[in-house]
Amino acid sequence: MNEDFPKNDVEFDCRFRTEQACLDYLFQLRWPEGFRCSRCGHLHYWTSSRGLFLCQQCRHQQSVTAGTIFHGTRKPLILWFKALWWFSTRKASVNATALQELLGLGSYQTAWCWLQKLRTCTVFPGRSKLSGTVEVDEFYLGGVHSGQRGRGAGHKCKVAVAVERQGRKLGRLRLQVIEQCSGEELIAFSKANISTGSHITTDGWFAYRGLQCEGYSHKAVVQSKAENKESVLQGVHLVTSLFKRVILGTFHGRLDSKYLQRYLDEYVFRFNRRTTKSIGKRFWRIMQQAVTSTPIPKDRLIQEFGGAK
Ligand SMILES: [Zn+2]
């Protein structure tokens, strides 16, 4: 597929000034080879307003937004595009209050729902697993820290973290909510996110012992009293503290655990593209996902919103 995206704010503003420009862009993404009727496969169509395409053979009517995150929206697409542009190109996350102000949306709830939808577009199916040298650990959000390294009970949210180490630099990242810091969950997390044959470094937590049996070379760094944990697993600890800072900065620490995975996904998306030179390319990737991912039904989002307050 041709990589077609605005390169900066000025290009974006010039290009997506009208609904038609947005519809044309969605058309390109959905039917890069040209329109094809989803029912009969016919290639010719008539158009009507608001992105509706009528098959000239079987009269089946299709919308360019059906099955996308824009499905059923009553808001102009130019607002959605602007939201997606801000979401994907800014260095830091944007929260619902900021998005509401930015777009002049009537309600906080709308902004909140839009952000939830956009976050679901940050995970790409079939993305390649981490490889090489990878650090794995867990961290906690909320709750009271107690017990050895906080692995005991009493924590609101547990998150597994894996990050590639390339010498002193950090590579790609994965974050996932876990129920327990058990071997079962931590090994499953590693298998889902790290290629076999990789070199995994962890601390001495017993749950990681099974990694060797799963085709990884595993190094458990048991910290001596002289050195703290931060000095032996620098990569994951750096990422963890950066993430916590974002949570405090953007969401003022108010983060509902039910939606934590979506925030983690968004953070991973930003982190893994921190060195991408073209901001427009991030927009393009999210937009590609926006037209192909299964949209969260509006009712469910409103229900979730009720639960988030
Ligand atoms: Zn047809």
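The values are calculated or read from the model by the stated rules, or taken from the named source; none is laboratory data. On a predicted model such as this, the values are computed, not experimentally measured, just so you know. Virtual Cβ from ideal backbone geometry, glycine too; neighbours counted across all protein chains shown. Surface accessibility is based on the protein's heavy atoms, side chains included, excluding ligands, DNA and RNA. Shrake-Rupley method; radii C 1.70, N 1.55, O 1.52, S 1.80 Å.
Computed quantities for the displayed model
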{"quantity": "The range 236-287: number of residues that are within 29 Å of VAL221 (Cβ to Cβ) and β-branched (Val, Ile, Thr)", "calculated": "7"}
{"quantity": "Criterion (open to solvent by less than 10 Å² (accessible area, probe 1.4 Å) and under 12 Å from the mean Cα position of the chain (by Cα)) met by exactly one of LEU130, LEU115, LEU99", "calculated": "LEU115"}
{"quantity": "Breaking point among (1) surrounded by fewer than 12 Cβ atoms within 10 Å (Cβ to Cβ); (2) closer than 22 Å to GLN288 by Cβ, for ALA92", "calculated": "(2)"}
{"quantity": "Within the range 1-18, tally of residues that are surrounded by 12 or more Cβ atoms within 10 Å (Cβ to Cβ) and not in a loop (DSSP other than H, G, I, E, B)", "calculated": "5"}
{"quantity": "For ILE247: the one exception among (1) of a type outside the set (S, T, N, Q); (2) surrounded by fewer than 13 Cβ atoms within 10 Å (Cβ to Cβ); (3) under 21 Å from ILE178 (Cβ atoms); (4) at pLDDT below 85", "calculated": "(2)"}
{"quantity": "Cross-chain or 6+ apart pairs with Cβ under 7 Å, the range 44-61 first and more than 22 Å from THR73 (Cα to Cα), then open to solvent by 90 Å² or more (accessible area, probe 1.4 Å) and more than 8 Å from the ligand (Cβ to nearest atom)", "calculated": "GLN56/HIS44; GLN56/TRP46"}
{"quantity": "Residue in the range 71-84 that is within 16 Å of the ligand (Cβ to nearest atom), out of contact with any strand residue (DSSP E or B) (no Cβ under 8 Å at 6 or more places or on another chain) and open to solvent by 20 Å² or more (accessible area, probe 1.4 Å) present", "calculated": "no"}
{"quantity": "The one condition in (1) open to solvent by 20 Å² or more (accessible area, probe 1.4 Å); (2) modelled with pLDDT of 75 or more that THR294 fails to fulfil", "calculated": "(2)"}
{"quantity": "Residue ID - modelled with the lowest pLDDT, chosen from residues in the range 57-67 that are more than 15 Å from TYR25 (Cα to Cα) and more than 8 Å from the ligand (Cβ to nearest atom)", "calculated": "GLY67"}
{"quantity": "Tabulated pairs, the range 22-42, first under 20 Å from CYS58 (Cα atoms) and within 16 Å of the ligand (Cβ to nearest atom), second in a loop (DSSP other than H, G, I, E, B) and of a type in the set (Phe, Trp, Tyr), C-beta under 9 angstrom, 6+ apart or interchain", "calculated": "HIS42/PHE35"}
{"quantity": "Candidate set from the range 149-167 (those that are of a type outside the set (Val, Ile, Thr) and over 22 Å from VAL222 (Cβ atoms)); member that is modelled with the lowest pLDDT", "calculated": "ALA153"}
{"quantity": "Leading residue by the ranking (surrounded by the fewest Cβ atoms within 10 Å (Cβ to Cβ)) among those in the range 56-70 that are of a type in the set (A, V, I, L, M, F, W, C) and out of contact with any Lys or Arg (no Cβ under 7 Å at 6 or more places or on another chain)", "calculated": "ALA66"}
{"quantity": "Any hit, the range 202-216, residues being crowded, with 17+ Cβ neighbours inside 10 Å, among the acidic types (Asp, Glu) and at pLDDT 90 or above", "calculated": "yes"}
{"quantity": "Where a residue in the range 240-251 is within 15 Å of ASP265 (Cβ to Cβ) and its partner, wherever it lies, is open to solvent by 50 Å² or more (accessible area, probe 1.4 Å) and of a type in the set (A, V, I, L, M, F, W, C), with Cβ under 9 Å and at least six apart", "calculated": "VAL246/ALA92; THR250/ALA92"}
{"quantity": "Near pairs, Cβ below 7 angstrom, 6+ apart or cross-chain, from the range 77-102 (touching a residue at least 12 places away in the same chain (Cβ under 8 Å)) to any residue that is in a loop (DSSP other than H, G, I, E, B) and of a type in the set (A, V, I, L, M)", "calculated": "TRP86/VAL94; PHE87/VAL94"}
{"quantity": "Search result, residues across the range 19-46 that are open to solvent by 70 Å² or more (accessible area, probe 1.4 Å), of a type in the set (A, V, I, L, M, F, W, C) and touching a strand residue (DSSP E or B) at 6+ places or on another chain (Cβ under 8 Å)", "calculated": "TRP46"}
